[in-house]
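Student: Pasting in a structure now, in structure tokens, and then I'll have a few things to ask.
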Amino acid sequence: MSAPIKSMFSLRIGPKLILMSAVSIVLLVGMIATQMMGNAAISKSDTAAARLSKLANHTEGVRASSRGMQIAVRDLRVATTAGDLDKARKVLDARHQNLNKGIEESLKLSSTPAKRRSLCRRERPR
């Protein structure tokens with residue numbers, strides 16, 4: 001047998017217990033640190049998933065407002081009375097406000113500059 005192993009077997013029970021307790025404490029600290037790092041990573045991923053979910057909901061709202069605006073413009077074009085014209089104009093204004101609000105919320109939730117530029121480009125009237 002090698003010298004370090006032989007010297008370990010020749011130790012009394014007290015030093016062996018102290019050595020094993022120290023090794024156990026080091027392993028326990030390592031397990032706790034690993035658990036904390038894992039929890040932090042999961043929390044970060046969960047936050048990102050929630051943000052992306054909100055962004056998808058706002059994007060869907062923007063798409064719905066855009067389609068609503070198209071329908072309101074069609075209603076404006078086919079309106080025959082002043083009442084129909086006012087009603088279609090109010091719907092168009094409401095959808096336009098919803099569209100702008102949805103784009104602003106999407107801009108707040110966007111994480112990359114490329115996505116922000118894309119949303120800003122869509123926000124400007126052509």
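The values are calculated or read from the model by the stated rules, or taken from the named source; none is laboratory data. Treat the numbers as computed from the prediction; the structure is a model and nothing was measured. For neighbour counting, all protein chains shown are included, and Cβ atoms are generated from backbone atoms with ideal geometry for every residue, glycine included.
Student: Pairs needed: first member in segment 53-64, more than 17 Å from residue 97 (Cβ to Cβ); second member anywhere, in a helix (DSSP H, G or I) and hydrophobic (A, V, I, L, M, F, W, C); C-beta distance under 6 Å; at least 6 residues apart or different chains.
Tutor: Matching pairs, first to second residue: 54/109; 55/109.
Student: Consider segment 74-91. How many of its residues are surrounded by 14 or more Cβ atoms within 10 Å (Cβ to Cβ) and within 35 Å of the chain's Cα centre (by Cα)?
Tutor: Count: 1.
Student: Right, something else. So if I check each of 11, 55, which one is at pLDDT below 90 and either exposed (fewer than 10 other Cβ atoms within 10 Å of the Cβ) or over 30 Å from residue 104 (Cα atoms) (or both)?
Tutor: Of 11, 55, the one residue that is at pLDDT below 90 and either exposed (fewer than 10 other Cβ atoms within 10 Å of the Cβ) or over 30 Å from residue 104 (Cα atoms) (or both) is 11.
Student: Those residues that are under 17 Å from the mean Cα position of the chain (by Cα), in contact (Cβ under 8 Å) with a residue 12 or more places away in the chain and in a helix (DSSP H, G or I), I need them from segment 92-116; list them, please.
Tutor: Result: 102, 103, 105, 106, 107, 109.
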